[in-house]
Amino acid sequence: MKKNSFALAYLVLCAFIVLLSCDDDDIPAQGVIPVNLTIDSNVSADGSGLVEVTPSAENAVSFVVDFEPDADAVIIAPGETASYQYTQTGETTYEITVTAYSLGGGKVSSTITVGLEVLPGIDPDILQKLAGDGEKRWVWAQTVGGHFGVGPTTNDFPEFFSATPNSLNPCLYDDVLVFSYDDSNNFTYTLEPGSTNEVFINWTEVNRFFPEATPQQFVDECRDITDQASFQSEFTVIENVDGTQTLDIGESFLSYWAVIPGQYQITELTEDRLVVRGISQPFNGDDPLAWYSIFTPEGETGGGDPLETAFTNLVWSDEFDTDGAPDPGSWTYDLGNGDNGWGNQELQSYTSDPSNVVVEGGNLKITARSEGTTTDGIYYYDEFQLVDAGNTTQVLVEDFENAAPALNNFGGGFSEVIDNPDPTGSNTTATVARFTKPIGSEVFAGTSFDVSSPLDLSTTNQISIKTWSPTIGTVVKLKLENSADADNQSFEVDLSTTVMNAWEELVYDFSMAPDFSYDRVVIFFDFGSTGSAGAAYTSARIKSEGLQEFTYGRVAARAKLPTGGGTWPAIWMLGADYLTNPWPAAGEMDIMEHVGNQQDVVFASTHDPNNFAGNARTGSTLVEGASDEFHLYEMEWNETEIKFAVDGIVYHTVSNDTSLPFNKDFFFILNVAMGGTFGGNVDANFTESTMEIDYIRMYQ
């Protein structure tokens with residue numbers, strides 16, 4: 001039985017902090033064992049398998065609820081209820097064990113038995129899409145890029161490998177997945193393995209079935225395991241409490257053998273597309289992985305139908321037919337490194353320089369360029385002052401003149417007091433502190449120094465500092481600590497630089513800081529990034545925010561994409577209310593995304609509060625010659641659905657309704673990023689590459 005020891009320790013720690021504020025007479029002695037443990041249970045009568053457990057006990061600060069073997073334990077605080085959904089159909093009894101923990105680590109356990117009946121049942125709409133009118137046969141969408149992939153369990157994207165079209169062994173592609181049902185609610189899943197009975201097996205699992213075999217590392221094999229594995233079982237679709245669905249096929253598997261224990265998360269299900277994600281439990285002891293599969297109905301190629309548009313009235317376009325800078329009536333610039341590489345750990349710095357963005361020869365050209373070898377990040381800081389809200393009262397904390405305090409470095413970064421290298425603008429003092437963040441230093445690298453007496457935040461609850469950064473958008477985190485209890489008594493505020501290669505004043509608001517005794521100041525530069533100053537690559541990002549914004553319509557953009565490992569071009573739209581309704585609540589629609597590490601595979605996605613980042617609703621398709629010639633990328637967007645097409649063929653469709661943020665104004669963004677969470681590793685030999693856009697048009 002798994003135990004979430006970190007979460008348990010966190011609950012105990014939180015309880016301990018709360019108890020510190022109590023009178024001595026109210027604090028239970030450490031080591032006291034909880035008593036009078038009682039367990040109230042509630043079994044849902046609708047056949048869903050949902051069970052709720054509410055425990056109570058004197059002296060308890062937390063409870064661990066074990067619902068069944070091999071399931072994660074649920075950890076709750078007093079007064080909370082633990083919920084769990086059993087999925088095995090039929091009448092079954094289960095033993096549920098609850099362990100109560102006291103502050104000092106004392107514990108007591110009790111077990112109850114519950115009986116319940118889980119009824120087979122699948123939402124009619126889901127059943128129709130999955131199994132048709134009684135039977136439906138699915139095959140691999142082998143012509144679609146990314147139809148098979150693998151990645152870490154920490155995200156929802158096949159980061160390690162994503163198959164290009166028709167690139168895997170034919171013994172995978174001749175498998176057929178059959179879902180059938182009858183009027184008696186018998187739901188049957190059958191895997192038909194093709195004429196040779198062979199299925200594709202992960203190389204680490206070959207010895208599970210053939211102990212004497214000598215599989216080659218990273219080379220999966222075709223093997224006949226029809227006499228050793230289950231090729232037929234019951235199936236059901238579990239409606240999870242978070243609104244997602246899980247496809248449960250019992251002891252069987254979906255064509256590729258990677259030791260996925262019968263349950264697959266459904267990430268997309270339409271009449272002609274089934275996308276699932278399964279977590280492996282390897283036989284050979286390696287870490288589990290997330291496996292991705294895309295299927296299409298038998299007889300279909302996995303491609304789409306022609307885009308039939310309802311929007312034919314051209315309401316705006318940029319044909320990019322005037323050489324020079326992008327039209328200021330339609331475009332403005334995003335500049336700098338952004339917060340943590342624009343939230344994606346990207347490596348480029350965006351500029352407005354013509355070498356990165358220009359209209360030339362009838363095309364918009366956005367060029368990502370290598371600026372040579374990456375160097376250590378160098379930053380400067382000076383003049384820490386306590387100020388009030390009106391900046392009228394000023395109390396000097398430290399200016400690094402005369403006897404400077406001891407500077408304590410951590411995370412691989414280091415500070416030292418030096419002569420002011422740029423005594424101009426807002427800071428003409430003689431000496432300042434320089435912080436160096438070397439290549440490969442930790443994301444949290446920083447420096448601290450102690451002050452002679454605790455900071456008085458009662459009236460002067462803001463702190464101003466002078467900073468100097470080589471880039472715009474550098475995250476400068478300022479943290480106050482009680483040196484006697486830094487782990488529990490601290491408060492921090494983040495700000496970002498707004499100028500580059502010049503001094504500026506940043507003012508941090510500590511009015512919400514708890515009333516602790518703060519006698520230590522900690523500063524971090526470029527927080528969240530392991531890179532240097534982020535100037536290894538330059539590129540451009542332009543946007544139509546405040547200039548050209550639209551609700552519904554058809555977007556058409558004709559583009560030729562850059563090439564090279566690490567390039568990440570995109571044509572996309574962002575909700576115009578993102579400043580007051582931060583992402584992902586504002587919504588995002590990616591009309592075209594491409595990564596040079598998966599050449600000729602193009603992606604389209606939507607992001608909303610339920611599906612965003614690695615869990616976005618994403619589709620992909622093969623676009624041969626994406627970097628050699630122009631292709632047409634389109635998005636058809638209305639109140640009920642959003643379709644994505646390449647060269648007039650739809651390859652990805654997502655639903656839209658009033659609960660989603662896709663029913664208001666959005667604006668365009670065009671950019672080429674480098675590296676980051678999606679772009680991946682940058683080719684060491686990369687020099688430069690360009691995305692060219694012939695036109696972008698909006699029809700309504």
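For this structure, a couple of remarks:
- For the chain, the Cα-based Rg and Dmax, in that order, read 29.4, 88 Å.
- Taking only alpha carbon atoms, segment 205-314 gives an Rg to Rh ratio of 1.09, where Rh is the Kirkwood radius.
- ASP657, ASP628, reordered so the largest accessible area comes first (probe 1.4 Å): ASP628, ASP657
- If you wrap the Cα atoms of segment 49-121 in a convex hull and average its projected area over all directions, you get 5.0 nm².
- When a 1.4 Å probe is rolled over the protein heavy atoms, the share of accessible surface on the chain that falls to carbon and sulfur comes to 48 percent.
- Net charge over other residues, Cβ less than 12 angstrom from the Cβ of TYR350 (K, R count +1; D, E count -1): 0
- For LYS107, a cut-off of 25 angstrom between C-alpha atoms picks up these lysines, skipping any fewer than 8 places away in its own chain: LYS2, LYS3.
- Each Lys and Arg contributes +1 and each Asp and Glu -1, all at the Cβ; summed about the Cα centre of segment 318-463, the dipole is approximately 360 debye.
- Taking 18 Å as the straight-line reach from the Cα of LYS543, the lysines in range (excluding those fewer than 8 positions away in the same chain) are LYS365, LYS664.
- In order through segment 401-407: 3J(HN,Hα) via Karplus (6.51 cos²θ - 1.76 cosθ + 1.60), integer Hz, x for Gly, Pro: 8, 6, 7, 7, x, 5, 9
- Taking a Cβ cut-off of under 12 Å around ASP485, the surrounding Lys, Arg, Asp and Glu residues balance to a net charge of -2, with basic ones at +1 and acidic ones at -1.
- In plain terms, the chain from GLN263 to SER44 could stretch by 76.6 nm, reckoned as 0.36 nm per residue minus the Cα-Cα distance.
- Helix-only arithmetic for the chain: the sum of -39500 (n - 2.57) across DSSP H runs with n ≥ 4, divided by the residue total, places the mean residue ellipticity at 222 nm at -1500 deg cm²/dmol.
- Bridgeable lysines around LYS437 (alpha carbons under 16 Å apart, same-chain partners fewer than 8 residues away excluded): LYS477.
- Computing Rg and the Kirkwood Rh from the Cα coordinates of segment 365-441 gives a ratio, Rg/Rh, of 1.11.
- Surface/4 estimate of mean projected area, convex hull on alpha-carbon atoms of segment 122-175, nm²: 5.3
- Sequence-ordered 3J(HN,Hα) estimates for segment 55-69 from the Karplus curve with 6.51, -1.76 and 1.60 and θ = phi - 60° stand at x, 8, 6, 5, 6, 8, 10, 6, 9, 10, 10, 9, 8, 6, x Hz, glycine and proline given as x.
- Neighbourhood charge, 14 Å Cβ-Cβ cut-off, centred on THR154 and excluding it, Lys, Arg +1 and Asp, Glu -1: -2
- Segment 331-463: Rg to Rh, with Rh as the Kirkwood radius over Cα pairs: 1.08
- Span from the segment 99-164 Cα centroid across to the segment 681-700 one, whole angstrom: 37
- For segment 597-646, the square roots a ≥ b ≥ c of the C-alpha gyration tensor eigenvalues yield an a/c of 1.5 or more together with a/b not exceeding b/c, which makes the shape oblate.
- Three semi-axes of the equivalent ellipsoid, segment 96-230, Cα gyration tensor, whole Å, largest first: 36, 27, 18
- Label-point separation, ASP519 to THR87 (7 Å along Cα→Cβ), nm: 5.5
- Over segment 434-551, the pair-distance histogram of Cα-Cα distances with 5 Å bins from zero comes to 2, 10, 18, 19, 16, 13, 10, 6, 5, 2, 1, 0 percent, rounded to whole numbers.
- Label separation (GLN394 vs SER511): 2.1 nm, computed from points 7 Å beyond Cα along the C-beta direction.
- The chain, relative contact order in percent, only Cα pairs under 8 angstrom and at least six apart counted: 11
- Phi-based couplings in Hz for segment 176-191 (Karplus 6.51, -1.76, 1.60; Gly and Pro marked x): 10, 9, 10, 10, 9, 7, 10, 5, 9, 6, 8, 9, 10, 10, 10, 9
- What you get for segment 569-700, charging only the Cβ of Lys and Arg (+1) and of Asp and Glu (-1), is a dipole of about 380 debye around the Cα centre.
- Under a 5 Å amide H cut-off, with hydrogens placed 1.01 Å from N, TRP316 pairs with MET698 among residues at least 5 apart or on other chains.
- Surface exposure of the chain, expressed per residue as accessible area with a 1.4 Å probe, stands at 44 Å².
- Using only side-chain charges placed at the Cβ, +1 for Lys and Arg and -1 for Asp and Glu, the dipole size of the chain relative to its Cα centre rounds to 860 debye.
- Placing R0 at 25 angstrom, the Cβ-Cβ distance between ASP227 and VAL176 gives a FRET efficiency of 0.85 after rounding to 0.05.
- Overall, the anisotropy analysis places segment 140-199 in the oblate class: the square-rooted eigenvalues a ≥ b ≥ c of its C-alpha gyration tensor yield a/c not less than 1.5, with a/b not exceeding b/c.
- Among ASN402, LEU386, ASN363 the positive-end extreme of the charge dipole of segment 356-411 (Cβ point charges): ASN363
- Residues in segment 424-443 reached by a label modelled at ALA502 [backbone nitrogen below 11 Å; 7 Å Cα→Cβ]: 425-426
- Sites VAL219 and LEU632 - FRET efficiency at Förster radius 30 Å, r taken between beta-carbons, to 0.05: 0.20
- For the pair SER355 and ASP339, label points projected 7 Å from Cα toward Cβ lie 3.1 nm apart.
The values are calculated or read from the model by the stated rules, or taken from the named source; none is laboratory data. Bear in mind the structure is a predicted one, so any value in this text is a computation, not a measurement. Counting neighbours? That spans all protein chains shown, and the Cβs are built from the backbone with ideal geometry, glycine included. Just the protein is used for accessible areas: all its heavy atoms, side chains included, with ligands, DNA and RNA removed. Shrake-Rupley method; radii C 1.70, N 1.55, O 1.52, S 1.80 Å.
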